[in-house]
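Working notes for the structure below.
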Amino acid sequence: MEELEKLKQILWEKGASLIGFSDISELPDNKGYIGAITIGYKLLDEYFEQINENKGPTFEYFHHYRDVNTALDQMALFTATYLDRLGYKSMTIAASQSSNTDPYKGAFSHKTAAVLAGLGWIGKSGIFISDEYGGRVRFATVLTMMPLKAEKPISENKCGNCMLCFKACPAGAILGKNYVMGDARETIFDAEKCSSYMKKNYQNVGRGSVCGQCIAVCPKYKGSKS
Ligand code: SF4
Ligand code: SF4
């Protein structure tokens with residue numbers, strides 16, 4: 001569709017690193033929408049080098065994380081407005097979401113839409129992993145009444161026997177199992193352990209809301225050109 005190609009071009013120019021479309025009409029938590037547009041933004045490598053060196057998060061990472069969230073939220077707002085003008089009711093799902101019913105779940109799973117769009121898979125760490133960027137990518141999502149179909153087939157889980165994130169996690173939150181699509185996140189990842197550890201140990205860095213060690217060690221990202 002010409003409008004979608006134009007939208008993609010604009011989002012690339014705004015800094016998006018991954019863009020995907022998916023049919024979410026069968027998802028139970030689709031909020032009544034039928035399509036999702038996934039917008040991914042790659043985090044910069046410098047901050048993961050700092051995490052590996054520091055054996056934990058840094059202020060610079062926290063600020064970068066927030067900058068990327070802001071950029072994603074602006075792109076999602078632009079996208080929803082673009083679709084709205086085309087006549088399709090749409091809503092944005094912010095990059096960093098909180099819920100008043102479950103502190104560890106957002107209003108809609110960015111990762112589920114990204115996987116349905118064929119952009120990558122859910123790693124042992126419970127985060128989204130892509131061939132291009134490993135886990136170094138954050139997302140915002142736009143839900144829409146525009147009918148959409150994925151441009152790529154769903155990717156297989158490529159974690160294999162790798163256990164690097166399991167070994168790196170200081171909280172013991174990663175259980176070391178390969179994720180099976182459709183299973184609850186709890187089968188591979190303990191969100192409460194991760195969150196408690198960050199709050200207790202990194203309160204002086206980003207108010208205990210970031211860590212990044214499982215992302216920094218993931219070998220699926222091959223590094224940016226220097
Ligand atoms: S963010 Fe840190 S504490 Fe949480 S799972 Fe990853 S490595 Fe473990
Ligand atoms: S570190 Fe290894 S096991 Fe963990 S998400 Fe990356 S590839 Fe998968």
Identity of the residue in the range 174-192, within 16 Å of ligand 2 (Cβ to nearest atom) and among the charged types (D, E, K, R), that ends up farthest from ASN157 (Cα to Cα): ASP190
Number of the condition not met by ALA114 [criteria: (1) assigned to a loop (DSSP other than H, G, I, E, B); (2) within 16 Å of ligand 2 (Cβ to nearest atom); (3) within 19 Å of LEU11 (Cβ to Cβ)]: (1)
Single match in LYS193, LYS199 (criterion: outside any loop (DSSP other than H, G, I, E, B), more than 20 Å from the chain's Cα centre (by Cα) and without any contact (Cβ under 8 Å) to a residue 24 or more places away in the chain): LYS199
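Looking at the structure I just gave you, is TYR197 within 16 Å of ligand 2 (Cβ to nearest atom), among the hydroxyl-bearing types (Ser, Thr, Tyr) and either within 27 Å of ARG66 (Cβ to Cβ) or surrounded by fewer than 12 Cβ atoms within 10 Å (Cβ to Cβ) (or both)? Lay out the reasoning, then the answer.
Working: within 16 Å of ligand 2 (Cβ to nearest atom): no; among the hydroxyl-bearing types (Ser, Thr, Tyr): yes; either within 27 Å of ARG66 (Cβ to Cβ) or surrounded by fewer than 12 Cβ atoms within 10 Å (Cβ to Cβ) (or both): yes.
Here the answer is no, as TYR197 does not meet what is asked.
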Residue list for the range 127-136, restricted to those being surrounded by 21 or more Cβ atoms within 10 Å (Cβ to Cβ), of a type outside the set (Gly, Ala, Ser) and either more than 21 Å from ILE93 (Cβ to Cβ) or away from ligand 2 (no atom under 13 Å from the Cβ) (or both): none
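In the range 137-186, what residues are in a loop (DSSP other than H, G, I, E, B), under 19 Å from the mean Cα position of the chain (by Cα) and either exposed (fewer than 14 other Cβ atoms within 10 Å of the Cβ) or in contact (Cβ under 8 Å) with a residue 60 or more places away in the chain (or both)?
Residues of the range 137-186 that are in a loop (DSSP other than H, G, I, E, B), as a first pass: 145-163, 169-173, 175-184.
Still in the list and also under 19 Å from the mean Cα position of the chain (by Cα): 150-159, 169, 173, 178-184.
Of everything in the range 137-186, those that are in a loop (DSSP other than H, G, I, E, B), under 19 Å from the mean Cα position of the chain (by Cα) and either exposed (fewer than 14 other Cβ atoms within 10 Å of the Cβ) or in contact (Cβ under 8 Å) with a residue 60 or more places away in the chain (or both) turn out to be ALA150, GLU151, LYS152, PRO153, GLU156, LYS158, VAL180, MET181, GLY182, ASP183, ALA184.
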Any hit, the range 46-58, residues being free of Cβ contacts under 8 Å to residues at least 24 places away in the same chain, more than 30 Å from LYS222 (Cβ to Cβ) and either surrounded by 15 or more Cβ atoms within 10 Å (Cβ to Cβ) or not basic (Lys, Arg) (or both): no
Residues located in the range 1-20, provided they are touching a residue at least 60 places away in the same chain (Cβ under 8 Å), touching a helix residue (DSSP H, G or I) at 6+ places or on another chain (Cβ under 7 Å) and surrounded by 17 or more Cβ atoms within 10 Å (Cβ to Cβ): LEU7, LEU11, GLY20
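Among the residues of the range 170-216, write down those that are aliphatic (A, V, I, L, M), touching a helix residue (DSSP H, G or I) at 6+ places or on another chain (Cβ under 8 Å) and within 11 Å of ligand 1 (Cβ to nearest atom).
Residues satisfying the conditions are ALA171, ALA173, ILE174, LEU175, ALA191, MET198, VAL210, ILE215, ALA216.
Read the figures in this text as sums done on the coordinates, not as results from a lab. It should be emphasised that the depicted structure is a prediction, and the values quoted were computed from it without experimental measurement. Every residue, glycine among them, receives a Cβ derived from its backbone with ideal geometry; neighbour counts consider all protein chains shown.
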